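First up is the structure itself, then whatever we jot down about it.
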Amino acid sequence: MSTRAACIIWHEGATGSRTLVSNPAMLKELLDCCKERVALGQNDLQIITDRLENLSETDRASAYYHSECRKPIVNKTKIDRLRAKRTDFNSPGCSRRGSGRPSAEKAIACMFASCRFCSDDGSEPLHCVFSDNMGYTFLQIKLETRDDHVRTCVSDLEEVGDAAALEKYYHRNCLQHAKRTCTQVKFDDMKVIRSLCDEEFLLIVQNTLVGDDVSVTMAELNDEYLSILKRYPVEVSSTKNYRKHLKGLITERLANVRFIKSVRQNEPDKIVLQTAVSKAMEYQSSIVDSGELIGNLKNIADILRDEMLHHRDWSFKGSFDDFENPPLLQFFVSRLLFGPHVLKMSKMRNQEVDKTSNVACQFLVQNTRGDGGDCSNSTKNDGHVNDEEDDVEC
């Protein structure tokens, strides 16, 4: 098999998750680590060591390897562990076996050997854990398995790299059996999770609407519900629009919440507390109460008319210097014509306001005191209205 087509370490080709790499410097480091580990007693790397040593410079430049296969061999932690073992073995306090009794090598077995689905009869090859991806798979099995025996087999794994660092071996069939023992979310379980999402959503709505002055749009509620679904996680629909579901949920579960339709078509509806709706209706009723409003206007009209009828100097003689407007009438006319901001206008504007108010007041007084207002206060001369009415300044 060509070294260009397969990994120089384990003779495996490129896969979808692992690519072949060519780097002579890294292969040199790999050879050095293999030699040291064999010298420290790891004899299973002798074949790889011999294969690398027999490569010429040309072959080494064209050789390929998987990074996932190289990393466990050059792992400094494993090498330091082997050095520590050798140091402890050579220490003075360590008992040694006789020359006729060499130390037994560590037996290699499937990590699921204690499980009933592992045959461990040599009919299936063992595979050593080298990649972090495989280490992650074993951690998921540890978290999700429902089989106590399987959980015991992986109980010593705490991190992703532990399986490779501890030189774990497995049968592929055993790995598949272990995966099948993991918990899978059933349809009934999904319904329970969706119910939990709904309950959390309702709790958020209740905690948000804490006063009559608080409102939330349906768009904001939909975004919040999406974040809840992703947190659990739950598969989100393609439209990502749950407004109809949320509206039904709120209507059914939260009796004190009301939906307010937006005046503008491009704006979403809002939700508020029922008390806010009641207060708004009461305020609106107080504004549009026609009986009370008409009564107030009638009272104002009576007050102003009485002031004009009893005003002492009501005739206009061609100049405002000796013509006094009724004070209440002047205030009312200024407020009516120019609103509450009349006092904030400039000096020139004040003169215009006074002139306009004076003309309006003069017109009202003359019509009230003449025939148009009250016949008892009109002064006639041979059937003609008092000439003072002709003096109204326009």
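The values are calculated or read from the model by the stated rules, or taken from the named source; none is laboratory data. Please read these numbers as outputs of a predicted model, since none were measured by experiment. Every residue, glycine as well, gets a Cβ built from its backbone with ideal geometry; the counts of neighbours run over all protein chains shown.
Couple of notes before you dig in:
- Scope segment 220-275; condition of a type in the set (G, A, S) and either within 14 Å of Q206 (Cβ to Cβ) or in contact (Cβ under 8 Å) with a residue 12 or more places away in the chain (or both); matching residues: A255
- Selection from segment 138-177 of residues that are within 38 Å of the chain's Cα centre (by Cα), closer than 21 Å to K78 by Cβ and part of a helix (DSSP H, G or I): F138, L139, D162, A163, A164
Per-residue answers, yes or no, for (1) exposed (fewer than 15 other Cβ atoms within 10 Å of the Cβ); (2) in contact with a Cys (Cβ under 9 Å, 6 or more places away or on another chain); (3) farther than 19 Å from K71 by Cα; (4) not hydrophobic (A, V, I, L, M, F, W, C):
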site	(1), (2), (3), (4)
S123	yes, no, yes, yes
F130	no, yes, no, no
Q140	yes, yes, yes, yes
L143	yes, yes, yes, no
H149	no, yes, yes, yes
S155	yes, no, yes, yes
E159	yes, no, no, yes
Q176	yes, no, yes, yes
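- Checking V257, V236 one by one, the residue that is loosely packed, with under 13 Cβ neighbours inside 10 Å and either touching a helix residue (DSSP H, G or I) at 6+ places or on another chain (Cβ under 9 Å) or at pLDDT below 85 (or both) is V236 and no other.
- In segment 12-27, residue farthest from E167 (Cα to Cα) [restricted to those that are modelled with pLDDT of 70 or more and surrounded by fewer than 12 Cβ atoms within 10 Å (Cβ to Cβ)]: A25
- Subset of segment 110-161 [under 14 Å from Q176 (Cβ atoms), β-branched (V, I, T) and touching a helix residue (DSSP H, G or I) at 6+ places or on another chain (Cβ under 6 Å)]: I141, T145, V150
- Qualifying residue in segment 311-319 (condition: within 56 Å of the chain's Cα centre (by Cα), more than 30 Å from F259 (Cα to Cα) and at pLDDT 70 or above): no
- Scanning segment 211-243 for residues being among the small types (G, A, S), within 21 Å of K261 (Cβ to Cβ) and not in a helix (DSSP H, G or I) gives a total of 1.
- Whichever residue in segment 332-357 is surrounded by 12 or more Cβ atoms within 10 Å (Cβ to Cβ) and of a type in the set (A, V, I, L, M, F, W, C) and, among such residues, is modelled with the lowest pLDDT: M345
- Residue match in segment 112-128 (condition: assigned to a helix (DSSP H, G or I), outside the structural domain of K35 (by TED's automatic domain parsing), modelled with pLDDT under 85 and under 25 Å from G41 (Cβ atoms)): no
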